[in-house]
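Worksheet for the structure shown next.
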Amino acid sequence: MYRVIFRTCDKVHSLHNAPRPFGLDKREIIKVCFRSLVRALEGYKHSIHVVADDISEDLRQFFEGFPVVLTEGTFGNDESLRTSLRLALSYPPSDWVYLCEDDYLHSPNAFLWIDDLVRNREEILKTRSRGLRKYLPFDHKRSLNRMPLIIHPPDYPDRYFDRQRYRSYLFLSQYCHWRQISNTTFTFLAEVSTLDQFKHQLLHSASGANDVYLSKSVFARERFTGKALCVSPIPGVATHMHEEVMTPFVDWESIVKREVAT
């Protein structure tokens, strides 16, 4: 069961006034991104809970046109994040929660690829530590398929800049490669049991929406003791809708045009 928690606010155009793609304003971005997410979830057992921070009447009416649970309030960014995290922790331990910010556009195949990894993680992530110790320092005795798993759907282009490169694991699934990463935003999927394991770090990171603290305290790089394996697909199945950071090699404009026409 996938439990989507979609956190939204249409009052702020963008963080740091970063330009939005395709001439869209924030409200248009939210609608397009949400429609793409709903489309990607078709055929998969799921629920959607929208945590709405001081939204407009237009956006309220938009969400009421979908089978979602809507929680409204004047939260502010930090409290809306805490509300989302507490809600996520209330679900059964084996459910997968997708904490999703409102400006991530999804490809139609997003959950096809994600679900393949979730269902087949035992084989996809199987890793023998013995032969790798001289190359990467292992401080665990289990294969990576036994580690807590977190999935970040986009593939940020800055991960390929020279200053951002570092040694990481690469896995092959039925549809794509999955690359180990060590930093994310607050858009990611994890089992409720994993969220519970890291709940103190997650709730602490909500202060100032500190995704740097989140990443350093939860995601492993080379050493895994007490941390989780975080992966993103190559190519990505979602993109952050800011011009400078969009997932490469996907025709996002055609997805936007289709969702605008819906």
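Among the GluC sites (Glu not before Pro) in the stretch 173-262, those located in a DSSP loop and surrounded by at most 15 other Cβ atoms within 10 Å of their own Cβ are GLU222.
If exposed means no more than 11 neighbouring beta carbons inside 10 Å and the site is in a DSSP loop, what's the longest run of the chain without any exposed chymotrypsin sites (Phe, Trp or Tyr not before Pro)? Formally, the longest exposed-site-free interval is 1-134.
Approximating the spin labels as points 7 Å out from Cα along Cα→Cβ, the HIS204-to-ASN120 distance works out to 3.8 nm.
If the chain linking ARG86 and SER254 were pulled fully straight, counting 0.36 nm for each residue of separation and taking away their Cα-Cα distance, it would gain 56.9 nm.
Per residue, the average separation of C-alpha pairs within less than 8 Å and at least 6 apart gives the chain a relative contact order of 25 percent. Taking a ≥ b ≥ c as the square roots of the eigenvalues of the alpha carbon gyration tensor, the stretch 49-99 is oblate, as a/c is not under 1.5 and a/b does not beat b/c.
The modelled label-to-label distance for the pair ALA18/SER56, using points 7 Å beyond Cα in the direction of Cβ, is 2.2 nm. For the chain, the solvent-accessible area works out to 47 Å² per residue, with a probe of 1.4 Å and every protein chain left in place.
Considering only SER80, SER143, SER47, the mean-square fluctuation computed in a Gaussian network model of the chain, springs between alpha carbons under 10 angstrom, is largest for SER143. For the chain, the longest principal axis of the C-alpha atoms and the axis of helix 26-41 are separated by about 60°.
Cα axis of helix 252-261 to longest principal axis of the chain: angle in degrees, 0 to 90, nearest 10? So the inclination is approximately 30 degrees. For the chain, the carbon plus sulfur part of the accessible surface works out to 51%, probe radius 1.4 Å. With n ≥ 4 as the cut-off for DSSP H runs, can you work out [θ] at 222 nm for the chain, using -39500 (n - 2.57) per run divided by the number of residues, rounded to the nearest 500? Roughly -8500 deg cm²/dmol at 222 nm, from the helical runs in the chain.
The values are calculated or read from the model by the stated rules, or taken from the named source; none is laboratory data. Since this is a predicted model, take the numbers as computed values, not measurements. Positions of Cβ are generated from backbone atoms using ideal geometry, with glycine treated the same way; all protein chains shown enter the neighbour counts. Remember, those area values only see protein heavy atoms, side chains included, never the ligands or the DNA or RNA. Shrake-Rupley method; radii C 1.70, N 1.55, O 1.52, S 1.80 Å.
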